[in-house]
Amino acid sequence: MKKSILILAVVLVTTSLFAQERSNFFQNQILGKSKNPAPLQLSVDAYPFLFISSGGGGSLGLEFGNCQVGVIGFTVAPPDYIKNTFFENADNVAVRRNNAIELFANYYLRKNRKGIYAGILGGPEWFMMEDKISGAKETILKNYVVPRLGLRVFPFKKNFYADASFGWSFNLSGTDSRTLGQTTYNASAGGFIYFLQVGVRFNLKNYE
């Protein structure tokens, strides 16, 4: 899946590159210093790969100036790399479902909120764990914060975008060992994580 995400991100950026009518892609799409600021906007997006993993989710954001703030929610039957990122000594444990409600904030270099941004997200996540040996189950709650860097492009229409980002997830809830059935495991301190979103935004206020 990692390769698929990277390939898709490259395709989206490349599509945007060739769609530009002006010659300087970096100036227009990434920095855009000559671009007019965008008005107050509402953004709605989804994480397409969550739907592939028997889940779904996305975010709702409010955009103003160089900033975007909002809330994220998702549910997913996570693939193995998620379990390996968030847990250790967990070969005999399955993560049946991962649910989350998180807040996020992004700061864009451009006032039209395109191109490069730095952001942070975080909040509670619930993991439904199952011991593969005994069948014992439990749901645990962990809190995370994720600083990240991202790139947002509008390859097709001015309101439709693709957003790729990566960051490091920090576990704020500790890494104490837990025993579930016949298995003892523990949460990791954190790890590398990446995101791919597609979405649309709407003007809430016209240009002055």
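For the stretch 170-180, the candidate set comprises residues that are in a loop (DSSP other than H, G, I, E, B) and either at pLDDT below 95 or hydroxyl-bearing (Ser, Thr, Tyr) (or both); within that set, the residue that is least open to solvent (accessible area, probe 1.4 Å) is GLY174. Do we find that GLY191 is part of a loop (DSSP other than H, G, I, E, B) and either of a type in the set (D, E, K, R) or out of contact with any His (no Cβ under 8 Å at 6 or more places or on another chain) (or both) in this structure? So GLY191 fails the test.
Among all positions in the stretch 98-115, there is at least one residue which is closer than 30 Å to GLY181 by Cβ and open to solvent by 40 Å² or more (accessible area, probe 1.4 Å).
Does ALA118 fit the bill of being open to solvent by 40 Å² or more (accessible area, probe 1.4 Å) and in contact with a Leu (Cβ under 6 Å, 6 or more places away or on another chain)? Walk me through how you get there before you give the answer.
On the way: open to solvent by 40 Å² or more (accessible area, probe 1.4 Å): yes; in contact with a Leu (Cβ under 6 Å, 6 or more places away or on another chain): yes.
Yes: the conditions hold for ALA118.
Here's the yes/no breakdown for (1) in contact with a Phe, Trp or Tyr (Cβ under 8 Å, 6 or more places away or on another chain); (2) within 20 Å of ALA162 (Cβ to Cβ):
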site	(1), (2)
TYR47	yes, yes
GLY55	yes, yes
PHE64	no, no
LYS83	no, no
PHE86	yes, no
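Of all residues in the stretch 181-206, those satisfying the criterion of being open to solvent by 40 Å² or more (accessible area, probe 1.4 Å) and in contact with an Asp or Glu (Cβ under 7 Å, 6 or more places away or on another chain) are GLY181, GLN182, VAL198. Looking across the stretch 73-97, the residues that are assigned to a helix (DSSP H, G or I) and either open to solvent by 10 Å² or more (accessible area, probe 1.4 Å) or of a type in the set (Ser, Thr, Tyr) (or both) come down to ASP80, TYR81, ILE82, LYS83, ASN84, THR85.
Go over the candidates GLY70, GLY57, GLY61 one by one and state the one that is assigned to a strand (DSSP E or B), open to solvent by less than 70 Å² (accessible area, probe 1.4 Å) and at pLDDT below 95. Before you say what the answer is, go through the steps one by one.
Working: GLY70 fails: at pLDDT below 95; GLY61 fails: at pLDDT below 95.
The unique qualifying residue is GLY57.
When PHE104, PHE127 are checked against the criterion of being more than 17 Å from GLY61 (Cα to Cα) and under 19 Å from the mean Cα position of the chain (by Cα), a single residue qualifies: PHE127.
The values are calculated or read from the model by the stated rules, or taken from the named source; none is laboratory data. Note that the structure is predicted; figures quoted are calculated from it, not measured. FYI the Cβ positions are ideal-geometry reconstructions off the backbone, even for glycines, and counts take in every protein chain you see. SASA here: full protein model, heavy atoms, side chains in, ligands and nucleic acids out. Shrake-Rupley method; radii C 1.70, N 1.55, O 1.52, S 1.80 Å.
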